[in-house]
Amino acid sequence: MTTAVQPYRVTPARVLRSEWHKLWTLRSTWINLIATGLLTLGMGVGISAAYDGTGEGGLDTVVFVLLGTQFATINLAVLGILATAGEYSTGQIRATMTAVPRRLPVLWSKAAVLTAVAFALCLCTNLLTFPLAQAFLSDTDQSAALGDPGVLRGLAGNAAALTLLAVMALGLGAVARSVPIATGVYIGLVMILPEVLRMLPYAVVDDAIQYFPAQALQSATAAQSDSGAASPAAALLALALWATASLTAAAATLRHRDV
């Protein structure tokens, strides 16, 4: 009596596991994540140790301590771009899409894995950086505790915002299918376009810029909301919409273009 051989079935769990292993077997992933954590921690502690209580003009305490996350906006974006566009540069995408012919589960799995890794890294780094930095700020105007109003929300909001930026970059990588092009588009959108738009003499433009990625990141990070900026909830919603738009474009690209 022979036993029928069950064909290999492509399931969401198996695709997710594949993308998880794929991410962690890359040396660039480890270098990127370690560098992101160390830069955030090192800059936060460094500027706090050098701070003499003058010259910051009322900058929000959480924003001040997490100034090092400026590096994370680039590092995590590059990680997201490499997760998609990197496979096109190596040709591995052909094997991936042959194994998962429906394609879209690959994109969702990549986004889910990146979300889990980026959020966990950023939140743990923020929760470590803040108390260490505050050890040098106890006698300054930037002194605060984790239990103070808005502090934990700001630390978590920063982690969520950085994660959404990374997911947005992942989508850009899937659309551009080129690491340099996707990186250039990301930097242009996040860092250059808002500054160009600020030169336009229209109040509506200034209001719109509050919901651009970099500005929304700062609003989501602040422990105390600024009357001239978006609220933390609105900022996170804006970033979620940016990430959704990017993934939607990536999904359309995967469905209608050849690999």
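The values are calculated or read from the model by the stated rules, or taken from the named source; none is laboratory data. Quick caveat: nothing in here was measured; it's all calculated off a predicted structure. Cβ coordinates were reconstructed from backbone atoms using ideal geometry, including for glycine residues, and neighbour counts include every protein chain displayed. Note: accessible area is taken over every heavy atom of the protein model, side chains too, but ligands, DNA and RNA are not part of it. Shrake-Rupley method; radii C 1.70, N 1.55, O 1.52, S 1.80 Å.
Checking the stated criteria, Ala214 turns out to be surrounded by 17 or more Cβ atoms within 10 Å (Cβ to Cβ), in contact (Cβ under 8 Å) with a residue 60 or more places away in the chain and closer than 28 Å to Ala156 by Cβ. Starting from residues that are open to solvent by 40 Å² or more (accessible area, probe 1.4 Å) and among the aromatic types (Phe, Trp, Tyr), keep the ones in the stretch 21-72 and report whichever is nearest to Gly150 (Cα to Cα). The qualifying residue nearest to Gly150 (Cα to Cα) is Phe71. Apart from one condition, Ala222 fits all of (1) within 15 Å of the chain's Cα centre (by Cα); (2) farther than 15 Å from Ala174 by Cα; the exception is (1). Residues being modelled with pLDDT of 90 or more, open to solvent by less than 40 Å² (accessible area, probe 1.4 Å) and either of a type in the set (S, T, N, Q) or over 24 Å from Phe64 (Cα atoms) (or both) are represented in the stretch 218-233 by at least one member. Taking the listed residues Gly154, Gly171, the one that is in contact with a helix residue (DSSP H, G or I) (Cβ under 8 Å, 6 or more places away or on another chain) and either polar (S, T, N, Q) or closer than 25 Å to Leu67 by Cβ (or both) is Gly154, with no other qualifying. Residues that are free of Cβ contacts under 8 Å to residues at least 12 places away in the same chain and surrounded by 14 or more Cβ atoms within 10 Å (Cβ to Cβ) occur at least once in the stretch 242-257. Going by the structure shown, is Gly147 modelled with pLDDT under 95, of a type in the set (Gly, Ala, Ser) and either out of contact with any Ser or Thr (no Cβ under 8 Å at 6 or more places or on another chain) or surrounded by 21 or more Cβ atoms within 10 Å (Cβ to Cβ) (or both)? Judged against the criteria, Gly147 is a match. No other residue among Gln142, Gln134 is more than 30 Å from Leu82 (Cβ to Cβ), polar (S, T, N, Q) and open to solvent by less than 10 Å² (accessible area, probe 1.4 Å) apart from Gln142. Scanning the stretch 100-131 for residues that are open to solvent by 20 Å² or more (accessible area, probe 1.4 Å) and either among the aliphatic types (A, V, I, L, M) or touching a Pro at 6+ places or on another chain (Cβ under 7 Å) (or both) returns Leu104, Pro105, Ala112, Ala116, Ala120, Leu121, Leu123, Leu127, Leu128. Among residues of the stretch 131-150 that are farther than 13 Å from Asp52 by Cα and in contact (Cβ under 8 Å) with a residue 12 or more places away in the chain, those with a beta-carbon under 6 Å from a residue that is in a loop (DSSP other than H, G, I, E, B) and open to solvent by 50 Å² or more (accessible area, probe 1.4 Å) at least six positions away or on a different chain give the pairs Gly150/Gln224. Taking the stretch 68-155 as the region of interest, the helices (runs of 4 or more DSSP H) fully inside it that hold 2 or more residues being more than 22 Å from Arg27 (Cα to Cα) and more than 22 Å from the chain's Cα centre (by Cα) are 92-99, 104-134.
Residues in the stretch 237-259 include none that are among the small types (Gly, Ala, Ser) and within 20 Å of Leu67 (Cβ to Cβ).
When you scan the stretch 165-184, do you find a residue that is more than 29 Å from Thr90 (Cα to Cα), surrounded by 14 or more Cβ atoms within 10 Å (Cβ to Cβ) and modelled with pLDDT under 95, even just one? No: zero hits.
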